[in-house]
Amino acid sequence: MLSLSHSHRYCWFFLLGFLLCSAQPLLAQPTPPPTLLRPAAVFDGETLHPGWQVLVEGDRITAVGPSLPTPAGGRTLDLPGLTLLPGLIEGHSHLLLHPYNETPWNDQVLLESQALRVARATAHAQRTLLAGFTTARDLGTEGADYADVGIKQAIDQDIIPGPRLLVATRALVATGSYGPKLSTDVEVPQGAQEADGPEGVMRAVREQIGRGADIIKVYADYRWGKGEPARPTFSQEELNLIVQTANAAGRPVVAHSSTPEGMRRATLAGVQTIEHGDGGTLEVFKLMKQRGVALCPTVAAGDAIAQYQGWRKGQGALPERVQQKHTSMEAALKSGVTLAFGSDVGVFPHGDNVREAELLVQDYGLTPLTVLRQATSGNARIFGLVDRGRIQTGLLADLVAVQGDPTHDVTALRQVRLVMKGGVLYKLYKQP
């Protein structure tokens, strides 16, 4: 895909290309005119409204409702058969990773140059945006240091197309608990920043914030050795200090955790979300609900890894890891804990983020409407993004149109026909 430059000369060139090929996405224009969008229905982040229209001026939504007039000097985009919805929000991504069945995680961290990884990540960012995800939390560079900060800056400066990013940079791990691990005689670069003790964790948090982190990610538990189960890594005091230090700088903390004790400690420390939660119990999920901590279950990642390891989906018994996820999700749903939407994309291909939504509906029994709310207004609320996640006057014009009705058929989210971010069209397919 190509991105429009800010010069009028190139703008005309790409517009001509769009007219010549109706299936070619329309990429960013420098100064978009006021635009009236007329879909079959509008999902506003909570409810479906047939016959509603949306007016966009500049980078904001300026009117929502039925029978809106086209503004002077503006344009009208008729979208018959399409549902317009807020730009989707990916809660857990790794732009600097690519599928593990292409290259194992260890080899990506140890053998791929940062230049290669950044170049690949620019393609990942574009695929994410064109799949309808206009915002993403990117939760760790996995050995690529602060490369996510530069990718975010390139997107914000319109150098490359991509979603609005919230970046976690290096992430925090207790010394010795992460990887890659080779011979005990060989020290190798790690996939996250090691830190220990009160002074160590406070210094690491401040360093990451100073380098551009929007979020601090901490591994509250992990496997100390190959073949071992995950165990808590940071003490309660360390986790408390990580959260206090980050919150004092206006940054939330998210915790990778899959053990009940790791999840308990992270919850008591006051993290914003717990990622994965594979071993979560009803008791710990109730504690999370009580403390206002959301669960981001990332069901798609474990499903993908199980298939990489030889599981043929739909045949035979569920692998132990997948069965454990079903057990924990049953407890989570019973507890009423708030669910964030996030897929851990990077484990599987970028642009296939909707895989999470499909699995939540097809394998875990959630309704399409519930998942759609999670991926829009729900994530915006959990992450504190007050300017997006809904179609409402005054909010950012981050909008997606899909074929059909995703509130009843979640697979409609794969049929993306329009992507707008900040009032700028990045994708527009003509209707047949």
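Data for the structure
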quantity: Helix 260-269 axis, angle to the chain major axis (alpha carbon atoms, nearest 10°); calculated: 70 degrees
quantity: Backbone N within the stretch 105-129 under 11 Å of label point (7 Å from residue 188 Cα along the Cβ vector); calculated: 105-112
quantity: Most to least accessible of 186, 243, 386 (protein chains only, probe 1.4 Å); calculated: 386, 186, 243
quantity: Debye intensity ratio I(q)/I(0), log10, the stretch 83-163, q values 0.19, 0.20, 0.26 Å⁻¹ (C-alpha model); calculated: -0.80, -0.88, -1.34
quantity: Percent carbon-and-sulfur accessible area, the stretch 363-430, ignoring ligands, DNA and RNA, probe 1.4 Å; calculated: 50 percent
quantity: Distance from the stretch 286-316 to the stretch 353-399 (C-alpha centre basis), Å; calculated: 18 Å
quantity: Exposed GluC sites (Glu not before Pro) absent: longest stretch of the chain, with sites in DSSP loops and at most 12 other Cβ within 10 Å deemed exposed; calculated: 188-432
quantity: Rg(Cα) / (2.2 N^0.38 Å) computed for the chain, rounded to two decimals; calculated: 0.98
quantity: Accessible area of the stretch 98-181 belonging to carbon and sulfur atoms, whole % at 1.4 Å probe; calculated: 51 percent
quantity: Cβ-Cβ FRET estimate between residue 226 and residue 327, R0 fixed at 30 Å, reported to 0.05; calculated: 0.80
quantity: Calculated SAXS-style log₁₀ I(q)/I(0) at q = 0.11, 0.15, 0.16, 0.21 Å⁻¹ - the stretch 111-222, Debye, Cα scatterers; calculated: -0.39, -0.69, -0.77, -1.13
quantity: Counting DSSP beta bridges with both ends in the stretch 23-114, the antiparallel % (nearest 5); calculated: 65 percent
quantity: J(HN,Hα) series, the stretch 233-241, from Karplus relation 6.51 cos²θ - 1.76 cosθ + 1.60, nearest Hz, glycine and proline x; calculated: 10, 8, 6, 4, 4, 5, 5, 4, 5
quantity: Mean accessible surface per residue for the stretch 157-304, computed with a 1.4 Å probe while every protein chain stays in place, in Å²; calculated: 41 Å²
quantity: Rg over Rh [alpha-carbon atoms, Kirkwood Rh] for the stretch 317-401; calculated: 1.01
quantity: Relative contact order of the stretch 70-161, defined on C-alpha pairs under 8 angstrom at six or more residues apart (%); calculated: 39 percent
quantity: 25 Å Cα cut-off, lysine pairs counted over the chain (separation 8 or more, or different chains); calculated: 17
quantity: Residues with amide H under 5 Å from that of residue 76, placed H, sequence gap 5 or more; calculated: 36
quantity: Approximate spin-label separation residue 101-residue 203, in nm, with each point projected 7 Å along Cα-to-Cβ; calculated: 4.4 nm
quantity: Three-way shape call for the stretch 366-412 based on the alpha-carbon gyration tensor, with the a/c threshold at 1.5; calculated: oblate
quantity: Derived scalar couplings ³J(HN,Hα) [the stretch 367-384; Karplus, 6.51 cos²θ - 1.76 cosθ + 1.60; whole Hz; x for Gly, Pro]; calculated: 7, x, 5, 4, 5, 5, 5, 4, 7, 10, 5, x, 4, 4, 5, 4, 8, x
quantity: C-alpha center-to-center spacing [the stretch 139-215, the stretch 58-110] in angstrom; calculated: 26 Å
quantity: Sequence-separation-based contact order of the chain, relative, with Cα cut under 8 Å and 6+ spacing, percent; calculated: 20 percent
quantity: Sulfur and carbon atoms: percent of accessible area, the stretch 243-305 [1.4 Å]; calculated: 47 percent
quantity: Among 126, 323, 315, residue whose mean-square fluctuation peaks in a GNM of the chain (springs only between Cα atoms under 10 Å); calculated: 315
quantity: Rg(Cα)/(2.2 N^0.38 Å) for the stretch 385-430, N = residue count; calculated: 1.23
quantity: Loop-exposed trypsin sites (Lys or Arg not before Pro) per DSSP, neighbour cap 10 Cβ within 10 angstrom, longest uninterrupted part of the chain; calculated: 1-225
quantity: Förster radius 30 Å - calculated FRET efficiency between residue 75 and residue 367, Cβ distance, rounded to 0.05; calculated: 0.25
quantity: Relative contact order [Cα under 8 Å, 6+ residues apart], the stretch 360-432, whole percent; calculated: 23 percent
quantity: Rg/Rh (Cα only; Kirkwood hydrodynamic radius) as it applies to the stretch 231-280; calculated: 0.96
quantity: The stretch 267-346 pair-distance distribution - Cα-Cα, 10 Å bins, rounded %; calculated: 20, 47, 26, 8, 0
quantity: ³J(HN,Hα) computed for each position of the stretch 224-231 - Karplus, 6.51 cos²θ - 1.76 cosθ + 1.60, integer Hz, glycine/proline x; calculated: 6, x, 4, x, 7, x, 5, 9
quantity: Fraction of beta bridges assigned by DSSP in the stretch 176-309 that are antiparallel (%, nearest 5); calculated: 20 percent
quantity: Surface accessible to a 1.4 Å probe, residue 159 within the full protein complex, Å²; calculated: 110 Å²
quantity: Along each principal axis, Cα extent of the stretch 37-93, largest first, Å; calculated: 41, 25, 16
quantity: Counting DSSP beta bridges with both ends in the chain, the antiparallel % (nearest 5); calculated: 50 percent
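The values are calculated or read from the model by the stated rules, or taken from the named source; none is laboratory data. These figures come from a predicted structure and were not determined experimentally. Ideal geometry is used to build each Cβ from the backbone, glycine not excepted, and the neighbour counts take in all protein chains shown. For accessibility, only protein heavy atoms count, side chains too; no ligands or nucleic acids. Shrake-Rupley method; radii C 1.70, N 1.55, O 1.52, S 1.80 Å.
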